[in-house]
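Where a number appears in this text, it was derived from the coordinates with a stated rule and is not lab data. Treat the numbers as computed from the prediction; the structure is a model and nothing was measured. When we count neighbours, we look across all protein chains shown, and the Cβ atoms used for this are built from the backbone with ideal geometry, even at glycine.
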Amino acid sequence: MMTRIIFICEQRHKIGISLKILLSLIEMVNRILTLLLIAFSCYSLWVYLYCDEKRIAPDAIASRGWKIWQEKNCQSCHQVYGLGGYMGPDLTNIAALRTEQHLRTFIKYGTGKMPNFQLSDDEVNNLVAWLIWVNKTGKAKVPASAVHWTGTYNIERQE
Ligand code: HEC
């Protein structure tokens, strides 16, 4: 009888201890998650503030070009900032490589591989303005040496 009571007490004691351990574990995980959340929020805030400083907003003409780019789905064949289709070339920095006249002619008439979208001269000019803006905002390929440890990179420091 006596041994049985002692046994039950011991079991209860053991359950109590393991519950305590479990609770402190949950509390620890909770603390770690809170810390991670705070760190992530601070990091996000910092990255956004850091990026905003360098932001170059597109003007009205370039914005219209951006809209046409989306409507005509140019991205299905072309990449900007390395993202998009692969049938045509990446156009992020095409404005630095070609003259405006070249871009205008290309977009207006297309080639055997690039379709002619029957765009008006205004629409073509908007698209060219947009490509010129895109060129100022980033690089298709960023050299590893230009990447900041936050994952961003400095546009001005590019060669
Ligand atoms: C069906 C796929 C396709 C679509 C959609 C497309 N393109 Fe192209 N584009 C190409 C291909 C392929 C080339 C390369 C053509 C060549 O070299 O003959 C090209 C080339 C270009 C070039 C010239 C690049 C250079 O090296 O000089 C520009 C600028 C361009 N496209 C802009 C656009 C714009 C703006 C749109 C949307 C209105 C668009 N493209 C939609 C396939 C496409």
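Checking a compactness column here: for the stretch 60-144, what do you get for Rg(Cα) / (2.2 N^0.38 Å), N being the number of residues?
Output field value: 1.01.
Using a Gaussian network for the chain with springs between C-alpha atoms less than 10 Å apart, which of these wobbles most: Trp69, Trp149, Trp130?
Trp149
For each of Tyr81, Tyr109, count neighbouring Cβ atoms within 10 Å of the residue's Cβ, then give the residues from fewest to most.
Values: Tyr81 16, Tyr109 12.
Ascending Cβ contact count within 10 Å gives the list Tyr109, Tyr81.
Treating each Cα of the stretch 1-55 as an identical point scatterer and ignoring solvent, apply the Debye formula and state log10 I(q)/I(0) at q = 0.17, 0.20, 0.22 Å⁻¹.
Listed by q, the Debye log ratios stand at -0.70, -0.78, -0.83.
Rounded to the nearest 500, what is the chain's calculated 222 nm mean residue ellipticity when only DSSP H runs of at least 4 contribute -39500 (n - 2.57) each, over all residues?
Working: 5 runs with 95 residues, N = 159.
-20500 deg cm²/dmol, from helical runs alone.
Which percent of Cα-Cα pairs in the chain sits in each 10 Å bin, short to long?
The calculated distribution, bin by bin, is 9, 25, 20, 13, 8, 7, 7, 6, 4, 1, 0.
Among Lys67, Lys136, Lys20, which one shows the highest mean-square fluctuation when the chain is modelled as a Gaussian network with alpha-carbon springs under 10 Å?
Maximum among the listed residues: Lys20.
Evaluate E = 1/(1 + (r/R0)^6) for Asn154 and Ala39, where r is the Cβ-Cβ distance and R0 equals 25 Å; express this FRET efficiency to the nearest 0.05. Walk me through the numbers before you get to the answer.
On the way: r = 23 Å, r/R0 = 0.94.
Plugging the Cβ-Cβ distance into 1/(1 + (r/R0)^6) gives 0.60.
So if the hydrodynamic radius of the stretch 38-108 is defined as the Kirkwood radius over C-alpha pairs, what does Stokes-Einstein give as its diffusion coefficient at 4 °C and 1.567 mPa s, in µm² per second? Numbers along the way, then the final one.
Details: Rh = 14.6 Å.
Here the translational diffusion coefficient equals 89 µm²/s.
With an 8 Å Cα cut-off and a minimum separation of 6 or more residues, compute the relative contact order for the stretch 60-144 in percent. Could you put the intermediate results ahead of the total?
On the way: 120 pairs, mean separation 33.7, N = 85.
That works out to 40 percent.
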